[in-house]
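Down below is the structure, laid out as structure tokens.
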Amino acid sequence: GWLGWNPATFLTSQTLSPDGVSFGLFHGSLNQNGGGIRKDLTGLTAGGSYYLTAWVKGLTSEELTYFTNNNAIGTKTGTASGAQDVPWFAATKVKIAIGNLSGSGASGNTQITLTQEWQKLEAAITVDNAGSVRIIINNDVSDTGTGNQDGGGTFLIWGAQLEVGGVVSSFIPT
């Protein structure tokens, strides 16, 4: 499964996913450098081309209230590990960052502005010579590098999948 990256909180939402059957997953982080989900993959074709897709959605005020009221951490995350002591808020942007297992060599970065509709986030990926890759889907994107990052936020994510080659198919339940 996916791991949290930069202190992250996860909560199953009551919002239907794009397939209309399952529910999206809330991701929340109030870290100065954003937060997200991370997946380290090994055993892939060295230097191979892959395509990653995931569905993401910004939160409505009702969804943000649900997340805040049902999050085990409460309405503030504290200040450990760079987290900010502020109320939860909705993220405005999300990105895919690709690198090797040490976290360097990022390539294939893709960023979108969140809306209150499900959107497909996608990126072409070239795997390193060891046949491994680190994928991070996060919300450290607002004014990155200016010292004015949005500090994370909460968004919905569903249906991440990695496919061989550069052709995207529809969602494949696993």
Q) Can you tell me which residues in the stretch 92-118 are of a type in the set (G, A, S) and modelled with pLDDT of 80 or more? A) A97, G99
Q) How many residues does the stretch 27-79 contain that are exposed (fewer than 13 other Cβ atoms within 10 Å of the Cβ), assigned to a loop (DSSP other than H, G, I, E, B) and at pLDDT below 75? A) 5
Q) Which of (1) at pLDDT 85 or above; (2) more than 27 Å from T15 (Cβ to Cβ); (3) open to solvent by 60 Å² or more (accessible area, probe 1.4 Å) is the odd one out, the single condition R134 does not satisfy? A) (3)
Q: Can you run down the residue pairs with Cβ atoms below 8 Å, 6 or more apart or on separate chains, where the first is in the stretch 103-118 and open to solvent by 80 Å² or more (accessible area, probe 1.4 Å) and part of a loop (DSSP other than H, G, I, E, B) and the partner is among the basic types (K, R) and modelled with pLDDT of 80 or more?
A: Q116/K57; E117/K57
Q) Is there any pair with a first residue in the stretch 38-55 that is under 26 Å from I112 (Cα atoms) and touching a residue at least 24 places away in the same chain (Cβ under 8 Å) and a second that is assigned to a strand (DSSP E or B) and of a type in the set (F, W, Y) whose Cβ atoms are under 8 Å apart and which are 6 or more apart or on different chains, and what are they? A) R38/W5; A54/W158; W55/W158
Q) Any idea which of (1) open to solvent by less than 10 Å² (accessible area, probe 1.4 Å); (2) modelled with pLDDT under 70 is the one G24 doesn't satisfy? A) (2)
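The values are calculated or read from the model by the stated rules, or taken from the named source; none is laboratory data. Just so it is clear, the model here is predicted, and its values are computed rather than measured. Cβ atoms come from the backbone with ideal geometry, glycine included; neighbour counts cover every protein chain shown. To get the accessible areas, we keep the full protein, side chains included, count just its heavy atoms, and leave off ligands, DNA and RNA. Shrake-Rupley method; radii C 1.70, N 1.55, O 1.52, S 1.80 Å.
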